[in-house]
1. Pop out the ³J(HN,Hα) list for the stretch 235-245 in order, Karplus 6.51 cos²θ - 1.76 cosθ + 1.60 with θ = phi - 60°, rounded to Hz; leave Gly and Pro as x.
2. Using 0.36 nm per residue, how much length does the chain from Glu52 to Tyr167 gain when fully extended, once their Cα-Cα distance is taken away?
3. Roughly speaking, to the nearest percent, how much of the chain's 1.4 Å accessible area is carbon and sulfur?
4. Rounded to the nearest whole Å², what accessible area per residue is found for the stretch 44-190 with the 1.4 Å probe?
5. For the stretch 207-291, what does the relative contact order come out to in percent, with C-alpha contacts under 8 Å and a separation of six or more?
6. List the residues, sorted by chain then number, that are 5 or more residues from Ala291 or on another chain and whose placed amide H is less than 5 Å from its amide H.
7. Most fluctuating residue of Pro111, Pro256, Pro195 in a GNM of the chain with Cα springs under 10 Å: which is it?
8. Tell me the angle of helix 128-139 to the major Cα principal axis of the chain, expressed in degrees between 0 and 90 and rounded to the nearest ten.
Amino acid sequence: MPSTVVILGTGGTIAGTAASADDHTGYAAAQRGVAELVAAVPQLAGQAIEAEQLAQLDSKDMDHATWQRLAQRAAHHLARPEVCGVVVTHGTDTMEETAWFLQRVLAPAKPLVLTGAMRPATALQADGPQNLLDAVTVAREPGACGVVVVMAGQVHGAHDVRKLHTYRLDAFGSGDAGPIARVEQGRLRRHRTWPVGKPLGLACIGFEPASWPRVELVFSHAGASGTLVDALVAGGVHGLVVAGTGNGTLHQALEPALRRAATAGVPVLRCTRCAGGALVGEFDMGLTPAATLSPWQARVELMLGLLASPAAA
Ligand code: ASP
């Protein structure tokens, strides 16, 4: 039976430190090494755990080169027969984007669990140690698979997870789908089956990250115009995601610019800027609906789609 859990550290608030224990906002993220984070959880002592520092950054600054290395190292460890699962400590700001990226590239048969914290490691009641312990529990769960986010005792699937709050400890949710499971006293209470997916594979991200397609986000809003879209197309953008109002509707001054972009060969994905819900109903071709994806997931989706079939770029 595989029993080793590998913990890859990438930084974030879980590794952050502040000058005083009651400071939850004026801290520096990504200060403590992953081995220190593991050592701060006495319940992990004696468990078969390996810690590896992959990066040390505030996830607001996440970049494609780090994503590439993370996917490659996670795949390497997941392929080891003695490893039952991999945990990634990560900042919460872009955790859902990293989760979707890893799920689309790897869709692993073993659990790949992202966790973090809303409070720095120095806080009076830091949430990082419990989140890390819960993440390891999920990484050891028989039958678990795919990329999930474990925060505040909830297990969210990579497709559904959203950061919904700027400050609260339970900042993450899964919208209409709800969490896959809850971690309660070291055990999982399952609500639904583990999501499975078909991986695109590491080969599609094997290119130099600086050459990955540039996919940008634009929003529809009151007073919108096509100026930004036209400038992006003139600047050589490879793809666009538009976050529409409501059910993906677009301002009449913005839509023609997006259609011009699509006609010029720049693929456009349309989604909603609403925090919940999917695009419902029929949409005309040209501005492809991104169904249930959030704008930032759709950006990952389009970028990976272009990497997987460069002819489409
Ligand atoms: N800015 C931090 C980060 O994403 C926030 C956090 O981790 O909660 O790295």
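The values are calculated or read from the model by the stated rules, or taken from the named source; none is laboratory data. Small disclaimer: the values here were computed from a predicted structure and weren't measured. Glycine also receives a Cβ, built like all others from the backbone with ideal geometry; neighbour counts cover every protein chain displayed. The area values use the complete protein model at the heavy-atom level, side chains included, leaving out ligands, DNA and RNA. Shrake-Rupley method; radii C 1.70, N 1.55, O 1.52, S 1.80 Å.
1. Once θ is set to phi - 60°, the couplings for the stretch 235-245 become x, x, 4, 9, x, 10, 10, 10, 8, x, 7 Hz.
2. On the way: separation 115, 0.36 × 115 = 41.40 nm, distance 2.81 nm.
Taking 0.36 nm per residue and subtracting the Cα distance, the gain is 38.6 nm.
3. On the way: 7430 of 13450 Å².
Taking all protein chains in place, the chain shows 55 percent carbon and sulfur surface.
4. Here the per-residue accessible area is 38 Å².
5. This gives 28 percent for the stretch 207-291.
6. Correct list: Leu279.
7. In this elastic network of the chain, the residue with the biggest mean-square fluctuation among Pro111, Pro256, Pro195 is Pro256.
8. Its long axis makes an angle of about 80 degrees.
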